[in-house]
Structure formats: structure tokens, C-alpha cells
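Presented below is the structure to which this report refers.
FYI, it's all coordinate maths here, none of it is from the lab. Every value quoted in this text rests on a predicted model; they were computed, and no experiment measured them. Cβ sites come from the backbone with ideal geometry, for glycine too, and all protein chains shown count toward neighbours.
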Amino acid sequence: MSSKTSAGKTDSGAKAAVRAEKAVQKGVDARASAKKSKEETPMKRPAQPEEIAPAYVLLASAQCSSFITGEILPIIGGYSGG
């Protein structure tokens, strides 16, 4: 059984391009959509890749991966989805 992460909104070029394209398809202003997305996160910003990378390193490490199994590590900046 493997463990995995559940990363929330992350600021990467690829994701930003996808979000902008989806906004255009919906007929929504991409900047307004990005601003709303940031406001919905308790941290008021998306995660940076270097902030979530250590969790992947931890779960992939031989030191931890042999005993941490079947866990989902949420990296969501305080967002609870509620």
C-alpha cells in the first residue's frame, strides 16, 4: 500500500495556464478568477512548488516509506473545503 499527497492550489506555470484557459472557456476574466481563487485559500495565496516538495521527499524516503503506508497527506494551506 502506498501513501500519497493531496496538494491544494499550487502556483506553477502549467497549472496557471490551465486555469486561465478554463476561465476563458467559461467566459470569465482570468485575472478575476485567479484573485477569487487566492481569496478562497486561508493563506490567501497558492503554494509554491518548493513548499510542497518536501512532503513528496518524505513519503518517498526509505526512512519513512517503509512504515508510513496508506496515508494521504493533505497540503492545502488551511483550506478545509467546507
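Details
- Chain lengthening between Glu40 and Ala17 when straightened (0.36 nm per residue, less Cα-Cα): 6.4 nm
- Its DSSP H runs of at least 4 residues, each contributing -39,500 (n - 2.57), put the calculated 222 nm mean residue ellipticity of the chain at -14500 deg cm²/dmol, to the nearest 500.
- Choice from Arg45, Arg31, Arg19 showing the highest fluctuation, given a GNM over the chain with Cα pairs closer than 10 Å: Arg31
- Shown here: Rg and Dmax of the Cα atoms in Å, derived from the displayed model; of the candidates (i) 31.1, 100; (ii) 12.4, 39; (iii) 15.4, 48, it corresponds to (iii).
- Rounded to the nearest 20 debye, dipole of the chain from Cβ charges on Lys, Arg, Asp, Glu: 380
- Longest DSSP-loop-exposure-free segment, GluC sites (Glu not before Pro), the chain, at most 15 other Cβ within 10 Å: 1-39
- Under 5 Å from the amide H of Thr10 lie the amide H atoms of Ala47, each residue being 5 or more positions distant or on a separate chain, with H modelled from the backbone and absent for Pro and chain starts.
- Here each label is just a point 7 Å from Cα along the line to Cβ, and for Lys26 and Tyr79 those points are 1.2 nm apart.
- Couplings 3J(HN,Hα) for the range 14-28, derived from phi with the Karplus relation 6.51 cos²θ - 1.76 cosθ + 1.60 (θ = phi - 60°), are 5, 5, 5, 5, 5, 4, 5, 5, 4, 4, 4, 4, 7, x, 10 Hz, where x marks Gly and Pro.
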